[in-house]
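Please read the structure below before turning to the comments.
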Amino acid sequence: MASELDIFVGNTTLIDEDVYRLWLDGYSVSDAVALRVRSGILEQTGATAAVLQSDTMDHYRTFQMLERLLHAPPKLLHQLIFQIPPSRQALLIERYYAFDEAFVREVLGKKLSKGTKKDLDDISTKTGITLKSCRRQFDNFKRVFKVVEEMRGSLVDNIQQHFLLSDRLARDYAAIVFFANNRFETGKKKLQYLSFGDFAFCAELMIQNWTLGAVGEAPTDPDPQADDMDMDLDKEFLQDLKELKVLVADKDLLDLHKSLVCTALRGKLGVFSEMEANFKNLSRGLVNVAAKLTHNKDVRDLFVDLVEKFVEPCRSDHWPLNDVRLFLNQYSASVHSLDGFRHQALWDRYMGTLRGCLLRLCHD
Amino acid sequence: MPGKLKVKIVAGRHLPVMDRASDLTDAFVEVKFGNTTFKTDVYLKSLNPQWNSEWFKFEVDDEDLQDEPLQITVLDHDTYSANDAIGKVYIDIDPLLYSEAATVISGWFPIYDTIHGIRGEINVVVKVDLFNDLNRFRQSSCGIKFFCTTSIPKCYRAVIIHGFVEELVVNEDPEYQWIDRIRTPRASNEARQRLISLMSGELQRKIGLKVLEMRGNAVVGYLQCFDLEGESGLVVRAIGTACTLDKLSSPAAFLPACNSPSKEMKEIPFNEDPNPNTHSSGPSTPLKNQTYSFSPSKSYSRQSSSSDTDLSLTPKTGMGSGSAGKEGGPFKALLRQQTQSALEQREFPFFTLTAFPPGFLVHVGGVVSARSVKLLDRIHNPDEPETRDAWWAEIRQEIKSHAKALGCHAVVGYSESTSICEEVCILSASGTAAVLNPRFLQDGTVEGCLEQRLEENLPAGCGFCHIPYDELNMPFPAHLTYCYNCRKQKVPDVLFTTIDLPMDAAVIGKGCLIQARLCRLKKKAQAEANATAISNLLPFMEYEVHTQLMNKLKLKGMNALFGLRIQISVGENMLMGLASATGVYLAALPTPGGIQIAGKTPNDGSYEQHISHMQKKINDTIAKNKELYEINPPEICEEIIGSPIPEPRQRSRLLRSQSESSDEVTELDLSHGKKDAFVLEIDDTDAMEDVHSLLTDVPPPSGFYSCNTEIMPGINNWTSEIQMFTSVRVIRLSSLNLTNQALNKNFNDLCENLLKSLYFKLRSMIPCCLCHVNFTVSLPEDELIQVTVTAVAITFDKNQALQTTKTHAEKSLQRASTDNEELLQFPLELCSDSLPSHPFPPAKEHLESASSNSGIPAAQRDRCSSWIELIKLKAQTIRRGSIKTTVTVEKASPVGEGNFRNRSSPPCANSTVGVVKMTPLSFIPGAKITKYLGIINMFFIRETTSLREEGGVSGFLHAFIAEVFAMVRAHVAALGGNAVVSYIMKQCVFMENPNKNQAQCLINVSGDAVVFVRESELEVVSTQQPAATCQPSCTGGEVTT
């Protein structure tokens, strides 16, 4: 006696959160059934394995039908076929667009192209995330990217509006899209210690301060050819950053800067001597990173450079985080007292963001 | 031109991509009514076209308005080749034809294609201007209201219940016409959908005419069915109960309006020469020459005492006077005569209602049923459907005579059904024989009826159990006792009925779903031989189904069945029987005896031991069930009656025959050898299996209850969460194990597993009750069994439920009070309903709190729970606020939202798409139905030639049923409603051909579109909710303009 056909359709679509998670995680029906059995559901409910199998199949079928709508979440809200309470709709969308930390670290900053998609098998084996789930997550990134790519206005708002994601998740996606667009290198070995959260934090700061949209004068610039406001870094700004070079190129300026910082921090820093010894190196590192950002290649290596030039030296000298903070504050603030330096605003725009990023990057 | 139909096409959305090159669509719309067609402009290159058309106006007869559906076709314009159809929407404009229902149909309708399913949505506005001055209701019957609900609709009062109306129309099935060989499947499906839509319109109109003739203004319990007879044609038939209803809120305003047309109707017989209805209404000479007919009295002689004998044995008046004398009191006699005369004029004193106004139902006799096997033949002349009419007339006549034999003059809870396989058709009818109060059946005497009703029914909760037949001249041997409730009159020891449990019935404990399942193999045969074989099998099946029901009822420790529905389905090589009912313990009836097992040949000790072991198991089960369903009858009864279980043998024998009404007389003779259904003789493996199967029925998991009636006896504290669902299963039998036992086991497992799955799926709703569980079984192919279940799960308040499990004394006390409450409830409901809700909310509160004399007033409790709901709802809104999608927060959300708002459909409190509840019940827990908007009756065909790609048969059917739900909801929302009550899936015919990667499915659903208002909202946000529910249609239209 084989069940040829076995369906259950409710006027209100039944969503089982646990099964949804299994489906999202890319388990096959039989794997999902096995996992559910292991969860002890049979004992709790007195159901049989056959019942569980039928139930799982049913949910999987529903999710497959919903998937098409989940690709464009506003459609899920306006469609008439599935009657789903709004709270459940939100849950469906949120979970569908949620991603695994391990996975996102693998693809963050990579081009969301066919080529990367082909590597998903490797990522799947490496991370232990099913290939199916990897594909869903990758396709989500790509879909969000495609939709907001050509859009003007706030990246987070655009994502939120077109994918109805929670604020938190929309911000994460903004970071992913931003990284994918600028192709920041995140996969190098020395960057492995960084979490997605670290990068997302930096991305947010950079979007806020370093992109064209960040200038806040968008309405005055009617040029439709302008770069995507939140996706691309402000080219002009990057060009201008070359001007900062004077801070390390001009010996007097560098010495003055050092003495200002040292005076201010004397006695306040546990690692004062190390700082003093290293100041020029560190300053050179930070300023050179800025000056190089005109080249795309160097933009991509931004995080590698920051870690190499700043995080690692600090780490090798065992700077406590608080000392890093004090140093960076003083380091950026002291520039204002350099009379010979004319690019104060530029410096603030650069260093304000960089300071935040560096503090976040400084951990083990 | 008595009517002007106006249609406006506003916009479309989510259209499919029809032009691969541009990924867009150039859509336009054709609007067709009758033979007139209008077109909109082509809206180029958009998947969300804004046509915003002018008003297309059709000037039409009201006859056409009733028959024809409005047909809207969305097409993709193609310059070089033929335009491609995207899909269609059929809109039944009937609800616009009577004044109280909807005034406008407006909203988003799914665009449906029979091959591709739903493909986007279209926003349409439809209005009708009726020219009332030309009030010549000739062929049309505009203004008659139709209700699927099988009780008096909630916001109406029955002035007169006129009685049975029936009609059928036949036609050739387009699927079997020669042209079908050359046209596309799509064209064929559409022709079929359109034809059925037309036929049901025509049917409804004709029924309406009959109602007008009877001077009624409404049809309640309207049940329309299709018989797909294949080659021989397509039959659409309907039955219902004609009533004169009075709207409760404005009685004065409505009555004259409906009476006037009916008065004019009087002239119809004279004006109208070729009245098309006369064939069907009269018992016109049955033309048997066309078909080989197996009339029940001949080939299918289950009823030896049928028709003729019954009539002669129990002459109408003799029966009445006889029992009246026994019961004493001239009033009863008078009542009987009155009713008799009121019903005598009627050809068939049948009522499709299953629940009645208090006082309507006087006595219940028992279930009466009749079946007949017919051979189908091509319908030669569609305009003269005599054959089918004669078939049904025959069956109804039989039912009537059975009722007479039970001393009853009426049949309530009446329904008809068919099962067709190839050219053989089983027609079935069943109902409950009853004695009715004449007051409702006649004009006049309505005033003051309420008071009298209450007086008269003083032995509350048991009156209907008292036997209607003459004790000395019983139609069958039955064991009678004095009513355990009032101790004045006689009651049978078991009662089977097809109706719902009366509101005032005194019940002990809770009820439960009881099913009997049976398969019988049958040789494959042709035509007459086949029909004979089936006819011969039927009585045995009925007998066994009954035995099973009785055994299971006893096993549950209960003594009455309500909502009994026995379905016999015919397939190529087997017959299936499925009986569902809700078992209860009626306080008025005696405690059921146990089940005794007897070994016929007690030859050795181990066998004896085995028997006693089984016996013990059965006794344990009974005890366990009694506990589970809280059946603790007061024990005093036993003293008075003596031994409650006299002679098990004798008793049970009586029980069976009683329940079977007069039907089983022959049966009894046949079964003499077996002697007693409740002394189960284990003489062969068959019987062993019977006993085993009895014990294998697993009770639902704790927290779950199930019933197939409207309300679950013993639970009355519903909370507002409801979940209606349809579940379909098809199993393939391996041809190896085709024995009756194996079949029975398979079928039993199928049903049990299905129930188990339901319990599992709905576990989050615990504590809850599955109500109106409706199983249908069919045999689509040789080795396939299809079971379809539709039901609704309703949550209830456990705390209150626990209160009822107390000591006997306390319990019975409480029961008494709740009974009182229930008794009072109806009239009170009338009062509170009649208050137009907003003006006097305090008065309503007062009434309700006064009505309940126990603990917290019901109204208050409801309010509490709904307050919690409200808070929950608010919490939800807040949570949703974060994703900026809800309408409520839309204004607060940032830029870019404007675009959004445009696309969002009618604003509603809960979601961007208004929530439409669906339920097979006639009510919505925790809510008041404020308006009936009209009947929903829809028929869909879906076909695929890419079955695998659509997820196989399960994927295909799952999607289709979801689409059907969506279309029903959309139509209800467009009428301005927010729920469908009395929803029923009347047909779900599924055919597959996996080898060709094809499948086809036909679904027919119906129900009543209503507007309901939550009881909490009536008080809290009385202004907001109606606005939200009534306006979606209007605003939906406006938003996009």
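Taking every DSSP helix (H) stretch of at least 4 residues in chain A, weighting each as -39,500 (n - 2.57) and dividing the sum by the residue count yields a mean residue ellipticity at 222 nm of -19500 deg cm²/dmol. Whole-Hz Karplus values for segment B:109-120 come out as 10, x, 7, 10, 10, 5, 9, 9, x, 6, 10, x Hz, taken residue by residue from phi with 6.51 cos²θ - 1.76 cosθ + 1.60 and θ = phi - 60°; glycine and proline positions read x. Projected label points at A:R68 and A:R266, each 7 Å from Cα along the beta carbon direction, are separated by 7.5 nanometres. Counting Cβ atoms of other protein chains within 10 Å of each residue's Cβ and taking the mean over peptide B:106-118 gives 1. Between the alpha-carbon centres of segment B:491-517 and segment A:131-146 there is a gap of 57 Å. Judged by a Cβ-Cβ distance under 4.7 Å, the unpaired cysteines of chain A are A:C134, A:C262, A:C314, A:C362. Across segment B:159-166, rounded Karplus estimates of 3J(HN,Hα) from the backbone phi angles (6.51 cos²θ - 1.76 cosθ + 1.60, θ = phi - 60°) give 7, 9, 9, 6, x, 5, 10, 8 Hz, Gly and Pro being marked x. Averaged over the residues of peptide B:726-732, the number of Cβ atoms from other protein chains lying within 10 Å of each residue's Cβ is 6. Positive contributions from Lys and Arg (+1) and negative ones from Asp and Glu (-1), summed over other residues with Cβ under 12 Å from the Cβ of B:L24, come out at -2.
Distance between the C-alpha centres of segment A:36-111 and segment B:547-617: 44 Å, rounded to the whole angstrom. What share of Cα pairs, in percent, lie more than 28 angstrom apart in segment B:489-639? Of the Cα pairs, 37 percent sit more than 28 Å apart.
For a paramagnetic label modelled on A:D250 (point 7 Å from Cα along Cα→Cβ), amide N atoms under 14 Å away belong, within segment A:319-335, to A:335. When a/c reaches 1.5 or more, the comparison of a/b and b/c decides; with that in mind, is chain A rounded, prolate or oblate per its Cα gyration tensor? Here chain A falls in the prolate category. Mean silhouette area of segment A:235-362, derived from the convex hull of its C-alpha atoms and averaged over all directions, reads 6.9 nm². List, in the order given, every pair from A:K126/A:K188; B:K624/B:K798; B:K616/B:K761; B:K45/B:K88 whose Cα-Cα distance in the structure shown is over 26 Å. Long pairs (Cα-Cα over 26 Å): B:K616/B:K761.
Of A:D252, B:D76, A:D298, the sequence from fewest to most neighbouring Cβ atoms within 10 angstrom is A:D252, A:D298, B:D76. Label-to-label distance, B:R20 versus A:D298, with points set 7 angstrom from Cα along the beta-carbon direction: 5.0 nm. Diffusion coefficient of segment A:17-82 by Stokes-Einstein, Kirkwood radius over Cα pairs, 4 °C, 1.567 mPa s: 101 µm²/s. The ranking of B:K154, A:K126 from fewest to most other beta carbons within 10 Å of each one's beta carbon is A:K126, B:K154. Label segment B:474-559 by shape, choosing from rounded, prolate and oblate, from the square roots a ≥ b ≥ c of the eigenvalues of the Cα gyration tensor; if a/c is under 1.5 it is rounded, and otherwise prolate applies when a/b is larger than b/c, oblate when it is not. Cα axes put segment B:474-559 in the prolate bin. Summary of packing: across the peptides B:16-24, B:462-470, the per-residue average of other C-beta atoms within 10 Å ranks them, highest first, as B:462-470, B:16-24. Screening chain A for whole DSSP H helices with an alpha carbon extent of at least 15 angstrom along the helix axis and a mean Kyte-Doolittle hydropathy of at least -1.0 yields A:49-70, A:86-97, A:131-149, A:167-182, A:196-210, A:251-265, A:272-292, A:321-334, A:344-361. Each of B:R948 and B:R183 was given a label point 7 Å from its Cα along the Cα-to-Cβ line. The distance between the two points is 3.1 nm. Loop-located chymotrypsin sites (Phe, Trp or Tyr not before Pro) in segment B:61-118 (DSSP state other than H, G, I, E, B) with a sparse environment of at most 13 neighbouring Cβ atoms within 10 Å: B:Y80.
Rounded to the nearest 20, the size of the Cβ-charge dipole of segment A:24-135 about its Cα centre is 480 debye, with Lys and Arg at +1 and Asp and Glu at -1. Among B:C512, B:C519, A:C262, A:C357, sorting on how many other beta-carbon atoms sit within 10 Å of each Cβ, with the fewest leading, yields A:C262, A:C357, B:C512, B:C519.
Read-outs: derived from the displayed coordinates by stated rules, not from any lab. Keep in mind that this is a model prediction, so the values were computed, not measured. All Cβ positions, glycine included, derive from the backbone under ideal geometry; neighbour counts span all protein chains shown.
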